[in-house]
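Structure, as structure tokens:
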Amino acid sequence: MSCCCGGAEDADAPPVPIDDARAEELRSQLLGIILPRDVGWDEATVNMSFTTPFSQGQAAPSGGAASGTPGSSPFASHNVVQAPGLGAFERRHSMSMRPAPSGGASGLQWTDSRKLLEAAIAMEQVGALPTMQQIPEGQAAPAAGGGWGGGWGASGDDGWQQLQVAEQQLQGRLFKLKLEHCVMEGDGNCQFRSISFGLYGTPRHHMYVRRQAISYMKAHPQDFEAFLGEEFKSYLRGMAQPGAWGDELTLRATCEALAVVVNVISSDDANWFLRYIPRSTRPKHECFVTYVAPIHYNAIRRQNTGDRLRRSFGRQHSQLARAVSTYTRNYGLPENPQNVAAAGLRVEALLARLTPAQNLAQLQTDPSGGIPELGLPDTIWQAECQHSVKVGGAGHEAAPGSGEGATIYPQALTQRMASQIADEAQALRNQMLARGKVGAYDHCLSPHIAIARDPQWGRVSETFGEDPMLQANMGVAFVRGLQGAAQAGGPGPRQRHIKVGATCNHFLGHDLERWKGHSAHNWNAEPRDVRDTFLPPFQACAAEAASVMCAFNALNGTPSCASEQLLAGVLREQMGFEGFVVTDNRVLNTITEPYPGGLGFADGSIEKASAEVIRAGADMIMKLSNNTRPGDLTSEQLDAAAKRVLMARIRLGHFDPPGSLPWSGLNTSVIGSEPHVATAVEISAKGSVLLKNEGVLPLDAARIKRLAVLGPFADQRVYILGRNVGATAGPVLTPLAALRAALPGAEVTFNSDTAYRYTRANAAADAAACEAADACVLFLGSRVSLRGPKELSKDDELPENAYDTLVEGEGQDRESLLLQGQQLKLWKDVSAATAKPLIVVLVHGGALDVSQLQASSRAGAILSAFIPGQHGAAALADILLGRVSPSGRTPLTWYTDAYTELPMTDLHMRADPQRGYPGRTYRYWRGEDVGGGFEEAVLYPFGHGLSYANFSLSGAAVAAGAAGNATASVTVTHAGGPPAEAAVLLFLSYLGPEAAGSGEAGGGSRAGQDEAAGAAAALPGATLRASGCSPAPSGTDLVQRLAAYARTRQLSPAVASQQLSFQLRVTADSSSSWAGFGDPDPPCGTYSLQFGHDQAAAAVLVLAP
């Protein structure tokens, strides 16, 4: 229900009072329930009687300007209820009349605060009042007559500071009483509007109330002339005009004229609850109002967060919004997840005071939404923090890239890394705020949870891999670490405060940057693919993250950011997302450009597109919100978007006092601190993947006298940091520096003259260095762009024989999976010219076709380092020298270059042999069935990874539990080699509908199904009954799926084995271990359990109806 004025007043007939049940309900709540129990005082009746007339020579208030404090002016024989023991009615900061001091003139005089009110009215009349709060500290206020009036100085006791305190006190009082303001417009009619609302349910009858009060005063001059003397008639003329501020006299006259009891809750320290009861007639009605001394009345209603508080009183009263935005914090708002409703009330009250332009200002990223007069500071939303805080100038710790983190299994290190990133971000923000700058870095555009569907995609390095469950788990771990779940009352959308807001991006289907002229594409989505592959990571991430970023691409013909079906329907209604949606940078530019570079949306108009995305459900337009015109959106659409943004700001603590949040004490000493460096090194140690080893690794440090280090990725700091990285807190440890530090007694050679350009002479020199050394390490890889398309122009300045041309990154997809051509020449020349086996270390984002190296006996070992980050090279040195055994498993399938025959614009996941389509990712790949060069396209399967140790698996078992749950287990035994950890991945595959397996309609090739089904009869197994499976005869398109994973502690001959347990469950959503096998329910029948991609089936589990 709107509380602001609206519609014309019916002047011909008196308004009809509303049902008094609402008034009785409020009275019961206020007097009969809340106050006796929680406040501890009873009603008392005090007879106020001041009969001394005004002195003829004393100054009286100017006509139309009176606005005395309720309960404080003398009026004979009127009953006023007050809280006992609160002292006299005089209060220092209120509009009151009081007896003259002894020795002075007889009669009454106005308090100093009444003079302040007169000054405020004068300021309002000349339009200066809204600027009063902008007087700089230490500057004297204008003198009375042309300025502020007596007492309104710039001292600590100035009027606006008093007003702010008063507003906060009143808001807290209401909150404790479970009441709320119904805000009245600030046009001088607020007293009459408030009573009109209380009596008639609308403020629009305020002139009727005013006329009744004036008529009563005219008819009973004996009750009022004593206070105004000769100015009584001019007072009446002025008070009859719209906009004249009501005062104590009009309030009492209204009580008599309308036979209404007026209950007032004021902001004053004393006598804060007053009841005005008519003396000349029996009361017929009752209403409730608030009074913020010295300027404003509002109506009262019970708390109802579902109602929208509409547009408020004028700017001169905007200080009230600051109190509204803080009252739940200052008065009884506990730190627990149940306060979303209270936070929503704060936002509703603030929205009621925003103009359309101010509303629109909330919907931009940098800076956003600052409204100083409402106590709302500017903030900068856009920050990158996928594996570090991207910031120029200030330092930070650059951790390894996401792809490396995904190989960790489980995700504890990812959560720890994200928490440390958030600590550094908050430290930078605290530093900025301390320096008086606009705050930033407490909201990040991470994690990136779109799956790596195609290895050609330039942003594979930002993801956690190609598996939906892995993406979901890692994404949630990142969100919890970033938002400080453990520190702020647990994870989820109702977490009271968040350390740094997380953003799940990009929603939905964005996995193409700039492939053969396409920078945006239309995805004609197959519903099964959306449900089984693309949505699950977002369902998990959006359940806890502060925001979601919509994508560049179109979905079924409509840009994702302009799709109401996607944003309002799927994201908010089906998935229950409660945060805000932000567009990606330059989305509007891209979607309005013509095909194939864009989508040709909104007739090419960015202005139209801006409005369309807000209408569809987006809330914030990155960088380009000024193109959104308020007139193109309804107030409801603007409010809905701004509310979601402001709710996020409350959770980020933007309305909280400085220093009050758990992380307010963080300073820059945490940046690059020892614990953060240790986490980065541990991620690289456990995340690097040994792809090939012919017994060359590990190197024996004791036998290395000379080590030759070759290649362009050995000593280039920028290549190992990845993208979205700014300044670092300290030096970047390159692989060359790490190896020299790890081998202090050896000579580690590196020729920078030959390392960056290919010539036959340079390659020959590198080969000679290799031949003269005890071992050779060749660092190759793919360069990941740092900033996107703008950097592409730098390649034009590089010589044709450079090794470091840009290959992948934001704005750059790959059209080949092979190593860069000059690097391949270097590999061939060096491997042909020396007899020593080469150790190849790959620094890269997406997977590479290194099939030539894999097949060559000259490559003794291949180690994937992904993007090691600022300190990860220390872990590489430890792995090469055997101080750490590699234990990472690749989260991607590595293909040969034959894969690039598939167009990136084909997003179908399921294989289609009829059109020669092999499917996408390990879950659907059927290249052996399709042929056409795809039979041997897989180089390293998903989950591949070698160790220096040997492990054996035994004792596989599976047991069915209750409620659709099952437990699988296997024992991992150290069977030789150095101490090491082992990561074990559990895959499920469908064998067929028969318990022992007939092979019909299974998941793999027909021959594979028959072989697996035949072997299943001898395997341990269990039956999971009442599983909800589909009994209808059907197959499945899913070849296999990762169902669970676990990691052992470090095993050695001393601690030889460990049993790992894996929980499996059947649910109706994407968290089910069988999600994706059916449409949507998994088919009943036999499923094999395989503990590793290279292991045979070890157990079976039957799903029964």
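Would you tally the residues in the stretch 522-557 being more than 25 Å from the chain's Cα centre (by Cα), surrounded by fewer than 20 Cβ atoms within 10 Å (Cβ to Cβ) and not polar (S, T, N, Q)?
Taking the stretch 522-557 as the starting set, the residues that turn out to be more than 25 Å from the chain's Cα centre (by Cα) are 522-529, 556-557.
From what's left, surrounded by fewer than 20 Cβ atoms within 10 Å (Cβ to Cβ): 522, 524-528, 556-557.
Add one more test, that the residue is not polar (S, T, N, Q), and what stays is 525-528, 557.
So the answer is 5.
Going through the stretch 1051-1077 one residue at a time, which ones are more than 26 Å from Ala472 (Cβ to Cβ), assigned to a loop (DSSP other than H, G, I, E, B) and of a type in the set (S, T, N, Q)?
Within the stretch 1051-1077, just Ser1052 meets the criteria.
Taking only the stretch 1048-1077 into account, find how many residues are surrounded by 13 or more Cβ atoms within 10 Å (Cβ to Cβ) and either within 27 Å of Tyr924 (Cα to Cα) or not polar (S, T, N, Q) (or both).
Selection size over the stretch 1048-1077: 16.
For the stretch 902-926, how many residues meet the condition of being in a helix (DSSP H, G or I) and at pLDDT 95 or above?
Going through the stretch 902-926, the residues in a helix (DSSP H, G or I) turn out to be 913-915, 921-924.
Adding the requirement that they be at pLDDT 95 or above leaves 921-924.
The qualifying residues number 4.
Pick from Gly186, Gly243, Gly156: which is more than 30 Å from Pro14 (Cα to Cα) and either assigned by TED's automatic domain parsing to the domain that holds Ser280 or at pLDDT below 85 (or both)?
On the way: Gly186 fails: more than 30 Å from Pro14 (Cα to Cα); Gly243 fails: more than 30 Å from Pro14 (Cα to Cα).
Gly156 is the lone residue from the list that is more than 30 Å from Pro14 (Cα to Cα) and either assigned by TED's automatic domain parsing to the domain that holds Ser280 or at pLDDT below 85 (or both).
State the number of residues belonging to the stretch 934-993 that are outside any loop (DSSP other than H, G, I, E, B) and either farther than 30 Å from Tyr899 by Cβ or of a type in the set (Asp, Glu) (or both). Give the steps one after another, and end with the answer.
The initial filter retains those residues of the stretch 934-993 that are outside any loop (DSSP other than H, G, I, E, B), namely 938-940, 946, 951-960, 965-974, 980, 983-992.
Those left that are additionally either farther than 30 Å from Tyr899 by Cβ or of a type in the set (Asp, Glu) (or both): 951-960, 965-974, 980.
Residues meeting the conditions: 21.
Being in the same structural domain as Leu174 (by TED's automatic domain parsing), of a type outside the set (A, V, I, L, M, F, W, C), touching a helix residue (DSSP H, G or I) at 6+ places or on another chain (Cβ under 8 Å) and modelled with pLDDT of 85 or more narrows it down to one residue among Arg279, Arg237, Arg210, Arg301; which is it? First the steps, then the outcome.
On the way: Arg279 fails: modelled with pLDDT of 85 or more; Arg237 fails: touching a helix residue (DSSP H, G or I) at 6+ places or on another chain (Cβ under 8 Å); Arg301 fails: modelled with pLDDT of 85 or more.
Exactly one residue qualifies, and that residue is Arg210.
Name the single residue that is nearest to Tyr441 (Cα to Cα) among those in the stretch 744-764 being small (Gly, Ala, Ser), at pLDDT 95 or above and surrounded by 15 or more Cβ atoms within 10 Å (Cβ to Cβ).
My answer is Ala746.
Just a yes or no: is a residue in the stretch 831-838 within 30 Å of Arg1047 (Cβ to Cβ) and among the β-branched types (Val, Ile, Thr)?
No; the residues of the stretch 831-838 include none that is within 30 Å of Arg1047 (Cβ to Cβ) and among the β-branched types (Val, Ile, Thr).
Which pairs have Cβ atoms under 7 Å, sit 6 or more apart or on different chains, and link a residue in the stretch 191-205 that is within 15 Å of Ala253 (Cβ to Cβ) to one that is basic (Lys, Arg) and modelled with pLDDT of 90 or more?
Once the first residue is within 15 Å of Ala253 (Cβ to Cβ) and sits in the stretch 191-205, its partners that are basic (Lys, Arg) and modelled with pLDDT of 90 or more give Phe192/Arg210.
Output the residues belonging to the stretch 961-985 that are over 20 Å from Phe942 (Cα atoms), in contact with a strand residue (DSSP E or B) (Cβ under 6 Å, 6 or more places away or on another chain) and at pLDDT 95 or above.
Across the stretch 961-985, the qualifying residues are Ala966, Thr967, Ala968, Ser969, Val970, Thr971, Val972, Thr973, His974, Ala975.
Given the conditions (1) at pLDDT 95 or above; (2) on the phi > 0 side of the Ramachandran plot; (3) not β-branched (Val, Ile, Thr), which single one is not true for Ala767?
Just one mismatch for Ala767, condition (2).
For the stretch 770-804, give me each residue that is of a type in the set (S, T, N, Q), surrounded by 14 or more Cβ atoms within 10 Å (Cβ to Cβ) and either modelled with pLDDT under 80 or in the same structural domain as Glu462 (by TED's automatic domain parsing) (or both).
Passing the criteria: only Ser785.
Within the stretch 942-958, track down each residue that is exposed (fewer than 15 other Cβ atoms within 10 Å of the Cβ) and at negative phi. So that I can check it myself, show each step before the final result.
So in the stretch 942-958, the residues exposed (fewer than 15 other Cβ atoms within 10 Å of the Cβ) come out as 950, 952, 954-955.
Matches in the stretch 942-958: Asn950, Ser952, Ser954.
In the stretch 986-1041, which residues are modelled with pLDDT under 90 and among the hydrophobic types (A, V, I, L, M, F, W, C)?
Those that are modelled with pLDDT under 90 and among the hydrophobic types (A, V, I, L, M, F, W, C): Ala995, Ala996, Ala1001, Ala1007, Ala1012, Ala1013, Ala1015, Ala1016, Ala1017, Ala1018, Ala1026, Ala1032.
Pull up the stretch 867-885, narrow it to residues that are in contact with an Asp or Glu (Cβ under 7 Å, 6 or more places away or on another chain) and either of a type in the set (A, V, I, L, M, F, W, C) or modelled with pLDDT of 95 or more (or both), then point me to the one that is nearest to Ala982 (Cα to Cα).
Start the filter on the stretch 867-885 by keeping residues that are in contact with an Asp or Glu (Cβ under 7 Å, 6 or more places away or on another chain), which leaves 867, 870, 884.
Keeping just the survivors that are either of a type in the set (A, V, I, L, M, F, W, C) or modelled with pLDDT of 95 or more (or both) gives 867, 884.
Working: Ile867: 22, Val884: 12 Å.
Checking each candidate, the answer is Val884.
Determine, yes or no, whether Asp1094 is at pLDDT below 95 and either part of a strand (DSSP E or B) or surrounded by 14 or more Cβ atoms within 10 Å (Cβ to Cβ) (or both).
Numbers: at pLDDT below 95: yes; either part of a strand (DSSP E or B) or surrounded by 14 or more Cβ atoms within 10 Å (Cβ to Cβ) (or both): no.
It is false that Asp1094 is at pLDDT below 95 and either part of a strand (DSSP E or B) or surrounded by 14 or more Cβ atoms within 10 Å (Cβ to Cβ) (or both).
Would you confirm, using the coordinates I've provided, whether Ala568 is surrounded by fewer than 24 Cβ atoms within 10 Å (Cβ to Cβ), in contact (Cβ under 8 Å) with a residue 40 or more places away in the chain and over 19 Å from Ala520 (Cβ atoms)? Lay out the reasoning, then the answer.
Values: surrounded by fewer than 24 Cβ atoms within 10 Å (Cβ to Cβ): yes; in contact (Cβ under 8 Å) with a residue 40 or more places away in the chain: yes; over 19 Å from Ala520 (Cβ atoms): yes.
Considered against the rule, which asks whether it is surrounded by fewer than 24 Cβ atoms within 10 Å (Cβ to Cβ), in contact (Cβ under 8 Å) with a residue 40 or more places away in the chain and over 19 Å from Ala520 (Cβ atoms), Ala568 comes out as yes.
Sort out which residues of the stretch 171-215 are in contact with a Leu (Cβ under 9 Å, 6 or more places away or on another chain) and more than 25 Å from Trp272 (Cα to Cα), and write them in order of number.
His205, Gln212, Ile214
Do you know which of the residues in the stretch 374-410 that are surrounded by fewer than 23 Cβ atoms within 10 Å (Cβ to Cβ) and more than 22 Å from Gly436 (Cβ to Cβ) is modelled with the lowest pLDDT?
In this case the residue turns out to be Pro410.
Give the stretch 413-452 a look and list any residue that's surrounded by fewer than 23 Cβ atoms within 10 Å (Cβ to Cβ) and assigned to a loop (DSSP other than H, G, I, E, B), or say none.
Once the filter is applied, which keeps residues that are surrounded by fewer than 23 Cβ atoms within 10 Å (Cβ to Cβ) and assigned to a loop (DSSP other than H, G, I, E, B), the stretch 413-452 yields Arg435, Gly436, Lys437, Val438, Ala440.
Kindly check whether there is at least one residue in the stretch 586-603 that is in contact (Cβ under 8 Å) with a residue 12 or more places away in the chain, touching a strand residue (DSSP E or B) at 6+ places or on another chain (Cβ under 7 Å) and among the small types (Gly, Ala, Ser).
There is no residue in the stretch 586-603 that is in contact (Cβ under 8 Å) with a residue 12 or more places away in the chain, touching a strand residue (DSSP E or B) at 6+ places or on another chain (Cβ under 7 Å) and among the small types (Gly, Ala, Ser).
The rows are residues; the columns are (1) of a type in the set (Gly, Ala, Ser); (2) within 22 Å of Asp1094 (Cα to Cα).
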{"residue": "Thr834", "(1), (2)": "no, no"}
{"residue": "Leu842", "(1), (2)": "no, no"}
{"residue": "Asp849", "(1), (2)": "no, yes"}
{"residue": "Leu853", "(1), (2)": "no, yes"}
{"residue": "Leu863", "(1), (2)": "no, yes"}
{"residue": "Ala874", "(1), (2)": "yes, no"}
{"residue": "Thr890", "(1), (2)": "no, yes"}
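Given (1) more than 30 Å from Pro891 (Cβ to Cβ); (2) loosely packed, with under 15 Cβ neighbours inside 10 Å; (3) of a type in the set (A, V, I, L, M), where does Ala741 come up short, assuming only one miss?
Of the numbered conditions (1) more than 30 Å from Pro891 (Cβ to Cβ); (2) loosely packed, with under 15 Cβ neighbours inside 10 Å; (3) of a type in the set (A, V, I, L, M), the odd one out for Ala741 is (1).
Going through the stretch 809-858 one residue at a time, which ones are modelled with pLDDT of 95 or more, assigned to a loop (DSSP other than H, G, I, E, B) and of a type in the set (Lys, Arg)?
Arg858
Scan the stretch 255-299 for residues that are within 22 Å of Val183 (Cβ to Cβ), of a type in the set (Val, Ile, Thr) and in a strand (DSSP E or B) and jot them down.
Val260, Val262, Val264, Ile265, Val289, Thr290, Val292
The values are calculated or read from the model by the stated rules, or taken from the named source; none is laboratory data. Keep in mind it's a predicted model, so treat the numbers as computed, not measured. With ideal geometry, Cβ positions are generated from the backbone for all residues, glycine too; neighbour counts draw on all protein chains shown.
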